[in-house]
Every structure is written in structure tokens, then in C-alpha cells.
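Have a look at the structure below, then the notes.
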Amino acid sequence: MSIPSRSRKSASSCGVRPGRRTTRSPALILVSALIAVASMGPAPAQAAEGTVLVSQCKSLLRGAKVRGDQVEFRQDPETVGCWAFMAAVQDLAGVADAANQPPILGACLPADGNRLQLVRAVVAYGGAHPNALRENAGVLALLALRDAFPCRKP
């Protein structure tokens with residue numbers, strides 16, 4: 001189904017490139033994470049399950065169009081929920097890298113990577129590991145990124 005261009009908005013692909021990254025304060029990262037979790041919908045006493053994140057990310061991938069370094073997708077709660085959640089995860093992963101510290105998440109994202117790669121990694125991991133879908137979204141994302149972007153020992 002084609003979506004009219006006016007219902008799409010562009011979002012930066014947020015590549016993880018040295019020299020182009022800005023240092024973000026831990027408070028800003030925490031706020032980003034809270035916004036991402038809040039955008040995943042009403043939450044019971046526990047965090048959203050991985051099934052919710054994978055469903056949202058599949059929805060995003062179905063309509064995503066890459067134009068240069070921009071990603072365009074429908075702006076609805078599902079797609080924005082995935083994009084915002086993965087932005088918070090990407091920011092958290094980049095904090096240690098920017099400070100020349102060991103990776104916080106245990107994943108080593110590629111220097112030329114982008115957020116869409118992270119989204120694809122989460123969807124692929126969820127498809128390959130159905131039991132992980134019962135984990136909360138953060139745990140699923142962590143497992144997916146560690147699997148897709150393992151750190152190489154020197």
C-alpha cells in the first residue's frame with residue numbers, strides 16, 4: 001500500500017560515525033529512553049515485551065524509504081515507538097564509545113552504521129529467537145545488538 005508523501009516525515013538515520021557524534025549527557029540519554037518507552041504505549045507495571053518492539057519495528061521497516069542519509073517512514077505510534085526506542089539504545093551505545101570506554105551494551109556498533117541497521121538487527125533476532133520475544137524490549141534489543149555486532153577481542 002502506498003502512503004501519501006505528506007503522511008511521511010523524514011528522520012535522520014543517525015549514523016554512528018567518529019567525528020560526527022556529539023557527546024550527550026546521561027540526563028539527556030535518560031530522557032530519551034523514557035520518551036521511547038512512553039511512546040511504546042500504555043505500560044503495565046512491567047516494561048514492554050520484545051514482541052511489542054519487534055512488531056513496531058516490522059511496521060517501520062515495511063514503509064521505510066532511505067534517501068541519502070535520511071530515513072522516511074509513516075509517523076504513527078508503532079513506527080515512532082520503534083524509532084525512538086532504538087534512538088535511545090543507539091545513544092546509550094554511543095556514550096562509552098565517545099568517551100573511549102568499553103562498550104556499555106557489550107555490542108560494538110560499526111563506525112559507519114545507522115539506526116536502521118539496529119532496527120533490522122532487532123527484527124532478525126526476534127525472528128530467529130522466539131523465546132526472546134517474551135523478554136522486555138530493552139533485553140531483546142541488547143541481545144540482538146550483541147548478536148549482530150559482537151565486539152572483537154584485540
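Odds and ends about this structure:
Residue-wise test of (1) assigned to a loop (DSSP other than H, G, I, E, B); (2) farther than 27 Å from residue 70 by Cα.
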{"position": "93", "(1), (2)": "no, no"}
{"position": "100", "(1), (2)": "yes, yes"}
{"position": "103", "(1), (2)": "yes, no"}
{"position": "117", "(1), (2)": "no, no"}
{"position": "122", "(1), (2)": "no, no"}
{"position": "125", "(1), (2)": "no, no"}
{"position": "131", "(1), (2)": "no, yes"}
{"position": "146", "(1), (2)": "no, no"}
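- Residue in region 142-154 that is modelled with pLDDT under 95, surrounded by 20 or more Cβ atoms within 10 Å (Cβ to Cβ) and of a type in the set (Gly, Ala, Ser) present: no
- Total residues in region 69-117, condition farther than 18 Å from residue 137 by Cβ and among the aromatic types (Phe, Trp, Tyr): 1
- Pairs with Cβ under 9 Å, 6+ apart, first in region 71-84 and at positive phi and of a type in the set (Val, Ile, Thr), second at pLDDT 85 or above and assigned to a helix (DSSP H, G or I): none
- Residue 140 vs. criteria within 12 Å of the chain's Cα centre (by Cα) and either farther than 21 Å from residue 51 by Cβ or assigned to a strand (DSSP E or B) (or both): no
- Qualifying residue in region 113-133 (condition: exposed (fewer than 14 other Cβ atoms within 10 Å of the Cβ), free of Cβ contacts under 8 Å to residues at least 12 places away in the same chain and either in contact with a strand residue (DSSP E or B) (Cβ under 7 Å, 6 or more places away or on another chain) or among the basic types (Lys, Arg) (or both)): no
The values are calculated or read from the model by the stated rules, or taken from the named source; none is laboratory data. For clarity, every value in this text was computed on a predicted model and none was experimentally measured. Backbone-built Cβ (ideal geometry, glycine too); neighbour counts: all protein chains shown.
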